[in-house]
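Read the structure below first, then the notes.
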Amino acid sequence: MKIHNIGYLFKEGIKNLWKNRTMSIASIGVLISCLLLTGCAVLISMNLTSMMSSIEGNNSVTIYLNEGLPSLSAIEVGEQIRSIENISECNFVPKDDALADMMERLGDDGTILNGLDGDDNFLPDAYTISMYDLSLYDDTMNQIQAIEGVDRYTDYSHIATMLSNIDLIVRVASLAIIVILGIVSLFIISNTVKVTMFSRRTEISIMKSVGATNGFVRIPFIVEGMIIGLISGGVSVTVLLLAYDRAVMALYNIVPFLTAVDIDPYIGYIIAAYAVVGALFGLFGGSISIGKYLNNEGENAVA
Amino acid sequence: MIEFRNVSKVYNNGTEALHNINLTVEKGEFVFIVGSSGAGKSTFLKLITCEEHPNEGQVIIDGEDVSHIRKGKIPYVRRKMGLVFQDFRLIDHMTVYDNVAFAMRVVGASPKMIKKRVPYILSLVGLQHKAKHYPTEMSGGERQRVGLARALVNNPSMIIADEPTGNIDPALSFEIVDLLSEINRRGTTVLMVTHEHSLVKHFHKRIIQIHSGEIVADTAAIAREQQAAAAISQDTETVDREAIRRAKEARQKADDEARRLESTREFSATDAVLAGSEDDEQADA
């Protein structure tokens, strides 16, 4: 392939795309929805997994004390908890520390909590505990609940199970949707290229009659498919990153103690992955139709 | 240049398009191919352009057997030939210049080469002043000249014209064949399929008549036999009886051929074939 040909073939591919813009837009639309859904599913799954591992990882339960409980009583509650046989660890978390911790996790957004310190602090004092034997969980928690001054406790084991269920549903559903949309995208791209091919059949037959190789005939159509893929990849990754940012902000506003996965370090990889996947989709979609066409009718030069 | 050796072609639906064709077209020849619709002319051309492959026999182009050529090699065989179509096959949204340049571009010619060669070819077909026109703004004759320019631009060693005058005013048809003759005079082999007897009569070229998938007449073969017969009969004093017998046989064969074609006019190989072709067409009608 000579260099002056590459420019020409790319120009032809772009021309194809423009001439056939209705179909091109349809292909781009479907491919964008496919790529966006894939991205959403991956991000949701990543976040659920990260939450689960953080919950399961520390294997601890937080026990909140009654609001306004005097410090002395709080210490007493701690002693009583420690006296339970199954308790391996029991640490006091003063409400000021909890607030500071939350502000730190929220980063810049944490400043909204300024002014809530001291007496305005809405968080209660708490103990975080760990157990030796998790099979005695229910029994141990009943004993703790019976202690005077204990308000409630976070039952992370149920949350973990729930998250794991959600994760499974998200994964299965998104996989099914992605597979279906993937096939639809391929079909639509290959149809778009087919329409272009049909409108350019005279040109193709002339190309073949003067001795253009199949490779040469194929390239503009593959370029067309790849551009469709690249545009879709670009739009989806932009939408996805912006939407994720917004979604995370919204989530922090609703549930401040949750930590979303930070995708900033991976943005480069995500963009590259979208570009590659988009281009590959376009490449396959374009190749399917032009390959079929050239096999069936490609050698016709005279008739 | 082009050789058919015992070539037969049967399509998948059982139609036998060509039956045992033997033929040689030498470099620099101008050949008219005549015959009624469905006679096998298109199949004949398709075998040359490698669009179809023979079931039996060999098709040899420039010494290369293309009967069962690999797909990937077909483009390179086609670059040896320039194809001219009845319906011109020009790209309407491209100018005359671009239509011709397109043929060069798709075989990978450099922009410099295209700039140099296209104006030259356009002047050869007398269209240098119409380079910026679009095909839709031109007459049939002019469009076919663009088609011819496109066929010539990659400097092929042969031109294969499939009824190039079929969509043109009869008066302009002569112009196109004149142009083809001029191209032929410069050394390019020309193979032209046609229905127009006036053209074939006017230009004294080799004529091959195909009927029901067989070559029923070839003026080159008849002329060759006549020449052989004449040469031998002029020198009867020096040849033995066997030679005289062969000469008589050859002359007899030529005469038979002429009678078969029911030519009542002054005998010439061209008229004999044309008469046969006209009969075919009348029968078809």
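The values are calculated or read from the model by the stated rules, or taken from the named source; none is laboratory data. Since we're looking at a predicted model, the values are computed, not measured. No Cβ is skipped: glycine too gets one built from the backbone with ideal geometry, and neighbour counts run over all protein chains shown.
Scan region B:22-65 for residues that are under 12 Å from B:Glu3 (Cβ atoms), out of contact with any helix residue (DSSP H, G or I) (no Cβ under 8 Å at 6 or more places or on another chain) and within 13 Å of another protein chain (Cβ to nearest Cβ) and the total you get is 2.
Within region B:154-184, the set of residues being without any contact (Cβ under 8 Å) to a residue 60 or more places away in the chain and among the aliphatic types (A, V, I, L, M) comprises B:Ile168, B:Ala171, B:Leu172, B:Ile176, B:Val177, B:Leu179, B:Ile183.
Quickly run through region B:71-93 and pick out the residues that are more than 9 Å from chain A (Cβ to nearest Cβ) and either over 18 Å from B:Ile176 (Cα atoms) or in contact with a strand residue (DSSP E or B) (Cβ under 8 Å, 6 or more places away or on another chain) (or both). Show your work before the answer.
Step one: of region B:71-93, the residues more than 9 Å from chain A (Cβ to nearest Cβ) are B:73, B:84, B:86-88, B:93.
Once the filter is applied, which keeps residues that are more than 9 Å from chain A (Cβ to nearest Cβ) and either over 18 Å from B:Ile176 (Cα atoms) or in contact with a strand residue (DSSP E or B) (Cβ under 8 Å, 6 or more places away or on another chain) (or both), region B:71-93 yields B:Lys73, B:Val84, B:Gln86, B:His93.
The residues of region B:103-124 that are farther than 16 Å from A:Ile206 by Cβ and either under 27 Å from the mean Cα position of the chain (by Cα) or within 8 Å of chain A (Cβ to nearest Cβ) (or both), listed by number, are B:Ser110, B:Pro111, B:Arg117, B:Pro119, B:Tyr120, B:Leu122, B:Ser123, B:Leu124.
Picking from B:Lys73, B:Lys115, which residue would you name as being under 30 Å from B:Asn12 (Cβ atoms) and surrounded by fewer than 22 Cβ atoms within 10 Å (Cβ to Cβ)?
Working: B:Lys115 fails: under 30 Å from B:Asn12 (Cβ atoms).
Matching residue, one of B:Lys73, B:Lys115: B:Lys73.
In the set A:Leu31, A:Leu36, A:Leu9, A:Leu17, only one residue is crowded, with 17+ Cβ neighbours inside 10 Å, out of contact with any Ser or Thr (no Cβ under 7 Å at 6 or more places or on another chain) and in the same structural domain as A:Phe187 (by TED's automatic domain parsing); that residue is A:Leu9.
Pairs meeting the criteria (first residue in region A:210-223 and crowded, with 20+ Cβ neighbours inside 10 Å, second residue part of a helix (DSSP H, G or I) and polar (S, T, N, Q), beta carbons under 7 Å, at least 6 apart or on different chains) are A:Pro220/A:Asn16; A:Phe221/A:Asn16; A:Phe221/A:Thr196; A:Ile222/A:Ser287. Candidates in region A:185-231 are the residues that are more than 39 Å from the chain's Cα centre (by Cα) and modelled with pLDDT under 80; of these, the one that is nearest to the other protein chains (Cβ to nearest Cβ) is A:Arg200. Condition (residue is surrounded by fewer than 17 Cβ atoms within 10 Å (Cβ to Cβ), at pLDDT below 80 and within 14 Å of chain B (Cβ to nearest Cβ)) applied to region A:166-184: is it met by at least one residue? No, region A:166-184 contains no residue that is surrounded by fewer than 17 Cβ atoms within 10 Å (Cβ to Cβ), at pLDDT below 80 and within 14 Å of chain B (Cβ to nearest Cβ).
Does region B:159-175 hold any residues that are in a loop (DSSP other than H, G, I, E, B) and among the acidic types (Asp, Glu), and which are they?
The answer is B:Glu163, B:Asp169.
Being part of a loop (DSSP other than H, G, I, E, B) and surrounded by fewer than 16 Cβ atoms within 10 Å (Cβ to Cβ) is the filter here, so list the residues in region A:262-287 that pass it.
Selection gives A:Asp262 alone.
Looking for something farther than 21 Å from B:Ile2 by Cβ, part of a helix (DSSP H, G or I) and in the same structural domain as B:Ala171 (by TED's automatic domain parsing) - is there at least one such residue anywhere in region B:123-143? Checking region B:123-143: not a single residue is farther than 21 Å from B:Ile2 by Cβ, part of a helix (DSSP H, G or I) and in the same structural domain as B:Ala171 (by TED's automatic domain parsing).
So that you can scan it fast, the table gives a plain yes or no per residue for (1) of a type in the set (A, V, I, L, M, F, W, C); (2) under 30 Å from A:Val172 (Cβ atoms); (3) assigned to a helix (DSSP H, G or I); (4) at pLDDT 80 or above:
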{"site": "A:Met1", "(1), (2), (3), (4)": "yes, no, no, no"}
{"site": "A:His4", "(1), (2), (3), (4)": "no, no, yes, no"}
{"site": "A:Glu12", "(1), (2), (3), (4)": "no, no, yes, yes"}
{"site": "A:Leu17", "(1), (2), (3), (4)": "yes, no, yes, yes"}
{"site": "A:Thr22", "(1), (2), (3), (4)": "no, no, yes, yes"}
{"site": "A:Ala26", "(1), (2), (3), (4)": "yes, yes, yes, yes"}
{"site": "A:Val30", "(1), (2), (3), (4)": "yes, yes, yes, yes"}
{"site": "A:Leu35", "(1), (2), (3), (4)": "yes, yes, yes, yes"}
{"site": "A:Cys40", "(1), (2), (3), (4)": "yes, yes, yes, yes"}
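Picking from residues in region B:130-153 that are touching a residue at least 40 places away in the same chain (Cβ under 8 Å) and among the hydroxyl-bearing types (Ser, Thr, Tyr), the one that is surrounded by the fewest Cβ atoms within 10 Å (Cβ to Cβ) is B:Thr136.
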